[in-house]
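The values are calculated or read from the model by the stated rules, or taken from the named source; none is laboratory data. The shown structure was predicted, so the numbers you read here are calculated from the model rather than taken from an experiment. Here the Cβ positions follow ideal geometry from the backbone for every residue, glycine too, while neighbour counts run over all protein chains shown. Note: accessible area is taken over every heavy atom of the protein model, side chains too, but ligands, DNA and RNA are not part of it. Shrake-Rupley method; radii C 1.70, N 1.55, O 1.52, S 1.80 Å.
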Amino acid sequence: MASLSLKHIYKVYPNGVKAVNDFTMEIEDKEFIVFVGPSGCGKSTTLRMIAGLEDITAGELKIGDLVVNDVEPKDRDIAMVFQNYALYPHMTVFENIAFGLRLRKMPREEINRRVKEAAEILGITEYLGRKPKEMSGGQRQRVSLGRAIVREPKVMLLDEPLSNLDAKLRTQMRSEIAKLHKRLGTTFIYVTHDQIEAMTMGTRIVVMKDGFVQQIDTPKNLYNYPGNKFVAGFIGTPQMNFFEGTLKKVGDNVEIAFHNTDAKVTVPYSYFYKTRPAYLNGETTVIIGLRAENVSLDPETVAKAAATIKVKISHKEELGNETLIYGDINMEGDGYTESSTRIIIKSADDVEHVAGEIVDAALDLDHVHLFDAETEVSILPRIPEFNYLDCDVQGKTLSFLGQSVTLPSVIECESGAGELLIPSDAIKLGGNIVAQVVGIEDILGKKLLSMELGGRRIFAVVDEEVTTSTVGISIDMKKITILRDGQEIVSPMPEVVSFDGNFVKKKVVEDVPETAQERAKRLAKEQKKAAKAAKAAPAEGEQPQEEPVTIEETPVEEPVLTKRKKIVKFSLLIENAEFPAPEDIAQRLIAALSLKRVFDKKYRFECTPYDLTLAEEGIEAEVVGIVDYGEERFARCLVGEKTIYVKLDDSIASLSGTVHLLPDIDKLAIIQADMDIRLV
Ligand code: ADP
């Protein structure tokens, strides 16, 4: 039983393939995690890094509390089950299951107990005397599961274990593995390319594509709230219908118009509270997603539906309990070709349709999904990143939603109307703007507060519980953006500052404390010498010592001596200022890139303005201004051509000229620039 922590994990193969990028997730004890995605997306590579069968290029992997990047696979307390069962053909089932335990020289009775128990759990007790070739595929995979179970691992890793089985057996084994997970109470990580397997087994699923994590969530949330078109299309069968179209706000409604047909449907504007208003201009192409079960041809449903659309039927697929009806919303379309007008409808009714027939279909728009046509990211996010509001600036007064606030002195902008972007994490509780609380939702460990202000819905991500019907809020002005005619006229203060530099090594001669080993050796030598001297010249009147001298444990009071040694020192050269690299950071850089390649690379060092302090020595910077947001002040500096912000202490009244910046080395993100890999 164990939790796992994966932080900024990367894998670059020697041939340069970047198989896994910035994989970060916390896995709780006893979870059943499934990595799913198309072939080549990096799932097996990630699993193999957890197993220790592949080196981790960069990042930190913890099993329980232990960092295991450099721990041998056999010492990681994990067991792995592969697609090809990898059983020894000349051994019986019993011997196959017991093999690993025998290698570990486990007592015979314990081996017997564990094998019998595992065989019972897996229902293969009666086959223990058989050879693998006398068993079916499903039974063989049970044996290989048995071999993993008897190790009583903290984590079970399964790499496509059911791919070699036929469909019926796969379904059966799926539920057996799920049952096994419950019974063992062990953390499971399971790799598959089959989304049905993922959906039926995982407590949480990691959807991957091209080496990048797309979304991590429960099966239900992935289905209901896909964060992008890829996840929407990958999860669920048949695949979600995707159409192209536009959205236009008309009064309190929004018209959804489908491209390549004159179909149009209307929904209340309340559906779009979380959507950037710019998408509702009737011009920007968006992707409209609707699952097959959210379209209905049932005449009663159609009669009552708020939104209907014409469909030309082409053909159907009978699945027994339900029928998939294919058609096109473009009357010229053929319903066979995958296109932006083809539609698949899940139908449970018995109405027969003929090819070419034109029917009305009801759309359940409560379940509509919308994506940006270019980035394919959802434009109806569960947690909106920004609140997009109309605003007006007059002198130093910013007005929005019937509120007026004074702009901090640093924000300068010409008077006039604009679009105001307030990130949902820039709205803080406590303040004198009063908003009505509409709801608070727990989403993926965050609290999303919905509020009504000036007739609009606004959203804030907060830490506190809210139980009142109104709240006072304030806005973190350093995070706002104002746009006018699409141009950014007020920009937020960057949350991250970035420096360039290198990683260097130097040989120096220094007095260093002797190592524990050197010290023990020295003390032993000294004691021996003293004993010898005592023996050679016994004090007068005393008997020579009979007993052999025992070397005592090193006394604690003995001082540690220093030794003059040539040592290698590693430094971070950040914008030409040198900082000693702490041992762990140096080792992580070297481990990631190997000693040979680590020094001739370019690095980017990133931190927040809060992680920099002014000091006597450090990165040379030229102060070009003080950025005063009222509650907080920052120095705007130039380092070479880069603009850097530094949080100022209240004690600093003014600042100008050349200063030196000291970054908090422990908080630095160190990124290898050409490969764009975060190493620390
Ligand atoms: P998946 O398990 O999702 O099918 P993999 O993790 O096996 O994907 O592979 C991810 C990517 O890494 C693919 O592009 C694959 O070709 C590449 N890859 C896998 N193993 C190696 C290897 N040993 N050397 C080089 N490239 C590899």
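Taking region 251-305, which residues are β-branched (Val, Ile, Thr), open to solvent by 10 Å² or more (accessible area, probe 1.4 Å) and over 30 Å from Leu389 (Cα atoms)?
If we filter region 251-305 for residues that are β-branched (Val, Ile, Thr), which is where we start, we get 254, 256, 261, 265-267, 275, 284-288, 295, 301-302.
Subsequent filtering for residues that are open to solvent by 10 Å² or more (accessible area, probe 1.4 Å) retains 261, 266, 284-285, 287, 301-302.
Correct list: Thr261, Thr301, Val302.
Answer yes or no as to whether Ala539 is at pLDDT below 75, outside the structural domain of Ala673 (by TED's automatic domain parsing) and among the small types (Gly, Ala, Ser). Break it down stepwise before answering.
Details: at pLDDT below 75: yes; outside the structural domain of Ala673 (by TED's automatic domain parsing): yes; among the small types (Gly, Ala, Ser): yes.
The answer is yes for Ala539.
Would you say Val461 is in contact with a helix residue (DSSP H, G or I) (Cβ under 9 Å, 6 or more places away or on another chain) and either crowded, with 17+ Cβ neighbours inside 10 Å or closer than 20 Å to Val393 by Cα (or both)?
Values: in contact with a helix residue (DSSP H, G or I) (Cβ under 9 Å, 6 or more places away or on another chain): yes; either crowded, with 17+ Cβ neighbours inside 10 Å or closer than 20 Å to Val393 by Cα (or both): yes.
Answer is yes for this residue.
Any residue at all in region 22-41 that is more than 16 Å from the ligand (Cβ to nearest atom) and hydroxyl-bearing (Ser, Thr, Tyr)? For region 22-41, residues more than 16 Å from the ligand (Cβ to nearest atom) and hydroxyl-bearing (Ser, Thr, Tyr): present.
Checked against (1) acidic (Asp, Glu); (2) closer than 20 Å to Arg457 by Cβ; (3) without any contact (Cβ under 8 Å) to a residue 12 or more places away in the chain, Asp252 passes all but a single condition, namely (3). Of the residues making up region 45-59, not one is surrounded by 20 or more Cβ atoms within 10 Å (Cβ to Cβ), in a helix (DSSP H, G or I) and small (Gly, Ala, Ser). For region 339-359, the criterion of being free of Cβ contacts under 8 Å to residues at least 60 places away in the same chain, open to solvent by 50 Å² or more (accessible area, probe 1.4 Å) and not in a loop (DSSP other than H, G, I, E, B) is met by at least one residue.
Just one of (1) surrounded by fewer than 19 Cβ atoms within 10 Å (Cβ to Cβ); (2) of a type in the set (Ser, Thr, Tyr); (3) without any contact (Cβ under 8 Å) to a residue 60 or more places away in the chain fails for Ser409. It is (3). Residue count for region 196-211 under the criterion of being within 13 Å of the ligand (Cβ to nearest atom) and buried (at least 16 other Cβ atoms within 10 Å of the Cβ): the result is 6.
Let me confirm something: among Arg564, Arg597, which residue is modelled with pLDDT of 80 or more and either farther than 25 Å from Asp22 by Cβ or buried (at least 16 other Cβ atoms within 10 Å of the Cβ) (or both)? Reasoning before the result, please.
On the way: Arg597 fails: either farther than 25 Å from Asp22 by Cβ or buried (at least 16 other Cβ atoms within 10 Å of the Cβ) (or both).
Of the residues listed, the single one that is modelled with pLDDT of 80 or more and either farther than 25 Å from Asp22 by Cβ or buried (at least 16 other Cβ atoms within 10 Å of the Cβ) (or both) is Arg564.
Among the hydrophobic types (A, V, I, L, M, F, W, C), farther than 20 Å from Val207 by Cα and without any contact (Cβ under 8 Å) to a residue 24 or more places away in the chain: does that describe Val67? For Val67, the condition - among the hydrophobic types (A, V, I, L, M, F, W, C), farther than 20 Å from Val207 by Cα and without any contact (Cβ under 8 Å) to a residue 24 or more places away in the chain - is met. The single condition among (1) more than 15 Å from the chain's Cα centre (by Cα); (2) more than 16 Å from the ligand (Cβ to nearest atom); (3) closer than 18 Å to Gly211 by Cα that Val17 does not meet is (2). Screening Asp77, Asp70 for residues that are closer than 30 Å to His8 by Cα and within 23 Å of the chain's Cα centre (by Cα) leaves exactly one candidate, Asp70.
Keeping to region 287-340, report how many residues are farther than 30 Å from Glu374 by Cα and of a type in the set (Lys, Arg). Result for region 287-340: 2.
For region 376-398, which residues satisfy the criterion of being part of a loop (DSSP other than H, G, I, E, B) and without any contact (Cβ under 8 Å) to a residue 40 or more places away in the chain? Passing the criteria: Glu385, Gly395, Lys396.
In region 149-160 there is at least one residue matching the filter, namely being in the same structural domain as Val34 (by TED's automatic domain parsing) and more than 19 Å from Glu31 (Cα to Cα).
For region 360-374, name all the residues that are open to solvent by 70 Å² or more (accessible area, probe 1.4 Å) and in contact with a helix residue (DSSP H, G or I) (Cβ under 9 Å, 6 or more places away or on another chain). If the condition is that a residue be open to solvent by 70 Å² or more (accessible area, probe 1.4 Å) and in contact with a helix residue (DSSP H, G or I) (Cβ under 9 Å, 6 or more places away or on another chain), then Asp366, His367 are the ones that fit.
Kindly check whether there is at least one residue in region 181-197 that is in a helix (DSSP H, G or I), farther than 16 Å from Val34 by Cβ and either of a type in the set (Gly, Ala, Ser) or in contact with a Ser or Thr (Cβ under 8 Å, 6 or more places away or on another chain) (or both).
Initial filter on region 181-197 (in a helix (DSSP H, G or I)): 181-184, 195-197.
With the extra rule that they be farther than 16 Å from Val34 by Cβ, the set shrinks to 183-184.
Filter once more, keeping what is either of a type in the set (Gly, Ala, Ser) or in contact with a Ser or Thr (Cβ under 8 Å, 6 or more places away or on another chain) (or both): none.
No - not one qualifying residue is present in region 181-197.
If you go through region 275-303 and pick out every residue that is in contact (Cβ under 8 Å) with a residue 40 or more places away in the chain and of a type in the set (D, E, K, R), you end up with 4. Please verify whether Val556 is farther than 26 Å from Thr57 by Cβ, modelled with pLDDT under 90, among the β-branched types (Val, Ile, Thr) and surrounded by 11 or more Cβ atoms within 10 Å (Cβ to Cβ), treating the condition exactly as stated. Judged against the criteria, Val556 is not a match.
Quick one: which residue in Gly395, Gly418, Gly402 is buried (at least 19 other Cβ atoms within 10 Å of the Cβ), in the same structural domain as Ile458 (by TED's automatic domain parsing) and not β-branched (Val, Ile, Thr)? Working first, answer last.
Working: Gly395 fails: buried (at least 19 other Cβ atoms within 10 Å of the Cβ); Gly402 fails: buried (at least 19 other Cβ atoms within 10 Å of the Cβ).
Result: Gly418 is the single residue among Gly395, Gly418, Gly402 that is buried (at least 19 other Cβ atoms within 10 Å of the Cβ), in the same structural domain as Ile458 (by TED's automatic domain parsing) and not β-branched (Val, Ile, Thr).
For Asp159, the conditions (1) buried (at least 23 other Cβ atoms within 10 Å of the Cβ); (2) within 16 Å of the ligand (Cβ to nearest atom) are fulfilled apart from (1). For region 53-74, a tally of residues being acidic (Asp, Glu) and under 20 Å from Asp159 (Cβ atoms) returns 3. Inspect all residues belonging to region 455-465 and state whether any of them is farther than 16 Å from Tyr388 by Cα, of a type outside the set (Asp, Glu) and either part of a strand (DSSP E or B) or touching a residue at least 12 places away in the same chain (Cβ under 8 Å) (or both). Yes, there is a match, as at least one residue in region 455-465 is farther than 16 Å from Tyr388 by Cα, of a type outside the set (Asp, Glu) and either part of a strand (DSSP E or B) or touching a residue at least 12 places away in the same chain (Cβ under 8 Å) (or both). Just a yes or no: is a residue in region 1-14 without any contact (Cβ under 8 Å) to a residue 40 or more places away in the chain, open to solvent by 50 Å² or more (accessible area, probe 1.4 Å) and within 16 Å of the ligand (Cβ to nearest atom)? Within region 1-14, one or more residues are without any contact (Cβ under 8 Å) to a residue 40 or more places away in the chain, open to solvent by 50 Å² or more (accessible area, probe 1.4 Å) and within 16 Å of the ligand (Cβ to nearest atom).
Just wondering, is there one or more residues in region 56-72 that are within 15 Å of the ligand (Cβ to nearest atom) and among the polar types (S, T, N, Q)? Write out each step before concluding.
The initial filter retains those residues of region 56-72 that are within 15 Å of the ligand (Cβ to nearest atom), namely 56-57.
Then keep just the ones that are among the polar types (S, T, N, Q); that gives 57.
Yes, the conditions are met somewhere in region 56-72.
Check Gly455, Gly439 and return the single one that is of a type in the set (Gly, Ala, Ser) and open to solvent by 30 Å² or more (accessible area, probe 1.4 Å).
Working: Gly439 fails: open to solvent by 30 Å² or more (accessible area, probe 1.4 Å).
Exactly one of Gly455, Gly439 is of a type in the set (Gly, Ala, Ser) and open to solvent by 30 Å² or more (accessible area, probe 1.4 Å), namely Gly455.
Pairs needed: first member in region 89-115, surrounded by 11 or more Cβ atoms within 10 Å (Cβ to Cβ); second member anywhere, among the small types (Gly, Ala, Ser); C-beta distance under 6 Å; at least 6 residues apart or different chains. Matching pairs, first to second residue: Thr92/Gly129; Ile97/Gly146; Ile111/Ala98; Val115/Ala98.
When each of Asp674, Asp600, Asp650 is tested for being closer than 18 Å to Val410 by Cβ, charged (D, E, K, R) and out of contact with any Pro (no Cβ under 7 Å at 6 or more places or on another chain), the lone residue that passes is Asp650.
From the list Arg588, Arg604, which one is at pLDDT 90 or above and assigned by TED's automatic domain parsing to the domain that holds Asp666? It would help to see each step written out before you state the result.
Working: Arg588 fails: at pLDDT 90 or above.
Matching residue, one of Arg588, Arg604: Arg604.
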